[in-house]
Every structure is written in C-alpha cells, then in structure tokens.
Amino acid sequence: MIYPAPLKKGDKIAIVSPASHIRHEYVDAACRIIEQWGYKPVVGEHCKGATGTYSGTVEERLADLRAAFTDKSVKAILCSRGGYGVVQLLEALGTEILRDNPKWVIGFSDISAMHAAMLTAGVMSLHAPMTKQFATLGAEDECVKLLRSIIEGEKPEYCEPAHLFNRKGIAEGEIVGGNMAVLCGLQGSRYNILTADKILFIEDIGEAVYKVERMLYNLRLNGVLQGLRGLIVGRFTEYTNPDGNGENMEQMVSRMVAPYGYPVAFDFPVGHIDRNLPIIEGAEVRLEVAAAATTLSFK
C-alpha cells in the first residue's frame, strides 16, 4: 500500500467537487486556511458549479479529478463535500491514474467511494473533514489540525472514552471503512473493500436501524462480519432512535456482532459530526479496546 508523500511548504492542494454542489463560501474559507498553512490552493474549474444536485456533469467532474491527479505540483486533493455522485465517475476514472499519481485524497460521506477506488489502486487516503468543516470550525479545530498534521507526515494516536457496549480486546491490521450505504453499494464490484481480515470502521446518516441491520446481514452472509479483526462503530446520525422494534443503532450492532470474539469500539467520533477524527484508509493500526478507554494507533 502506497503512503502518499508528506506535503512541503509551497505545495499545491486542489479542491474539487466530485459529487454534489457546494456553497462557494465554504470553498473560499478552505482556500484561506490552506494559504495560512503555507500551501497553494487550486480550485477545480467546475468545483463551484451546479448541474442539478451535482457540481457539474459527469464529464466536468471527471475532468477536474483527472486534472488534479495528473498535475505533478498538486500533492493533495481536498473534496469539497459529499452528497451523491462519486459512483458515477469510478468506471471512467479507473485506478491506473490513481496508482500512477499517488497523493492524498481527503473527504468523507459519499467520498467513501473515492477511498474505495484509492484502496483498490493500492494507495492510502484520508477519511477526514471537508470544506464545510474548514469554514464553520476554523483552522484551530482539532480535526482540521489533525488533518494537516497527517498530510505533513505525522501519524496520529487517538484515545477515546469507553462505551457500555464495547467489547475488550486488541487487534492489529489494515483499517478500512467509511459510509455504510456507500460502501455496501460497491459490493460485488472491483471496488469492494468490505472484506474479511480488516479492522473496519463504519458510520452513516439518515439510515434507519433496520436498513443498517440489513447491510450487516449482507456482511454476515458473505462471511465478512465474522472474519473481521476488529470493528469501530462511528456515529450514526439523523435516524429514529429507538426504532419501531425498540432498538437503537448501538443495541442492534451489538446484537449482530455478539457471536464473534474480536474487539468492538462503539461511539467513536467519526462520521457526520463536528468532531470527525481523520482516519488513514489502508494504514496499519493497533486497536485496543480496554475497560477505561479505546486507543487507535497508526503505525
């Protein structure tokens, strides 16, 4: 797995919108912070566009991504937002351009599909805040600062409070994951990263408990859920809590993984929340779920 090179002062960071359209002021605020860091922001030609709910046509969004990847002076690509649309680009984009031009791809939500493509190409990427978080939380926000430290070559260690449903244990291995609905939509394709023998992290927004349960049953029936090394349950937001069957999301997930012995960490701060800790997709990590706290260390 290729670890993208750390950024140096004066390097360029491209901002692109491969999915839904974005508020211009969010992009502008992100540009100012990137400049404060000592880098040069490069805004994609169609980054601030709007075609229906998308930032541009498939061809326009592809053009911005290709330009960002092939520009040797661009060392990182910040996706402006998620929404929906990345899956429309994967077939035409392919993986060769990603493998031949390894650089940090940053984002979450629908950008989970880009992370899947990067991992398929053998390149690590960064599940992390995007331009709205830059704009609304600012340069001194914990997660924005962590994002910067990672693209500059540092590897984080997180220590989070214990949760009632946690299952203690230690696991080491490659970490992958992101938005459940997006990643489940890629199963059966070359971009499927929901496989056994991984440490998996999951999150989602606006998905009912039964829908997430159905996704987990898919993983169980495919032999993935029981074959994980560890599971990190991020934040599931904007759903009916509890559902009509009386379970909240954590209770359902706990029931689904009850037969297995690997460590499980609940309520980890990753997802559609302000405190969205950056995760290096494809990195080797050590997950320790203990009585007092959960520790996630990147090697």
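The values are calculated or read from the model by the stated rules, or taken from the named source; none is laboratory data. The structure presented is a predicted model; accordingly, all values stated were derived computationally and were not measured. Virtual Cβ from ideal backbone geometry, glycine too; neighbours counted across all protein chains shown.
What number of residues within the range 11-43 satisfy the criterion of being in contact with a Gly (Cβ under 9 Å, 6 or more places away or on another chain), part of a loop (DSSP other than H, G, I, E, B) and not acidic (D, E)? Talk me through it step by step, then tell me what you get.
Of the range 11-43, the ones in contact with a Gly (Cβ under 9 Å, 6 or more places away or on another chain) are 11, 14-22, 29, 33, 38-40.
Still in the running and part of a loop (DSSP other than H, G, I, E, B): 11, 17-19, 21-22, 38-39.
This time we only want the ones that are not acidic (D, E), so: 17-19, 21-22, 38-39.
Of the residues in that region, 7 qualify.
Condition check ((1) under 20 Å from R286 (Cα atoms); (2) of a type in the set (D, E, K, R); (3) surrounded by 20 or more Cβ atoms within 10 Å (Cβ to Cβ); (4) at pLDDT below 95) across all residues:
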site: N192; (1), (2), (3), (4): no, no, no, no
site: V209; (1), (2), (3), (4): no, no, yes, no
site: R214; (1), (2), (3), (4): no, yes, no, no
site: I232; (1), (2), (3), (4): yes, no, yes, no
site: P269; (1), (2), (3), (4): yes, no, no, no
site: D274; (1), (2), (3), (4): no, yes, no, no
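Residues L228, L221: which one is more than 20 Å from V105 (Cβ to Cβ) and surrounded by 20 or more Cβ atoms within 10 Å (Cβ to Cβ)?
Numbers: L221 fails: surrounded by 20 or more Cβ atoms within 10 Å (Cβ to Cβ).
Sole residue among the options that is more than 20 Å from V105 (Cβ to Cβ) and surrounded by 20 or more Cβ atoms within 10 Å (Cβ to Cβ): L228.
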Mind checking which residues of the range 7-50 are surrounded by fewer than 21 Cβ atoms within 10 Å (Cβ to Cβ), of a type in the set (S, T, N, Q) and either in contact with a helix residue (DSSP H, G or I) (Cβ under 9 Å, 6 or more places away or on another chain) or under 17 Å from D64 (Cα atoms) (or both)? S20
Looking only at the range 77-102, and only at residues there that are under 15 Å from the mean Cα position of the chain (by Cα) and aliphatic (A, V, I, L, M), the one that is surrounded by the fewest Cβ atoms within 10 Å (Cβ to Cβ): V87
The one condition in (1) in contact with a Ser or Thr (Cβ under 6 Å, 6 or more places away or on another chain); (2) not assigned by TED's automatic domain parsing to the domain that holds E25 that I199 fails to fulfil: (1)
Would a scan of the range 179-190 turn up a residue that is more than 21 Å from A265 (Cβ to Cβ), at pLDDT 95 or above, over 17 Å from the mean Cα position of the chain (by Cα) and assigned to a helix (DSSP H, G or I)? no
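Go through the range 232-280 and count every residue that is in contact with a helix residue (DSSP H, G or I) (Cβ under 8 Å, 6 or more places away or on another chain), among the β-branched types (V, I, T) and within 17 Å of F108 (Cα to Cα).
Residues flagged as in contact with a helix residue (DSSP H, G or I) (Cβ under 8 Å, 6 or more places away or on another chain), among the β-branched types (V, I, T) and within 17 Å of F108 (Cα to Cα) within the range 232-280 amount to 2.
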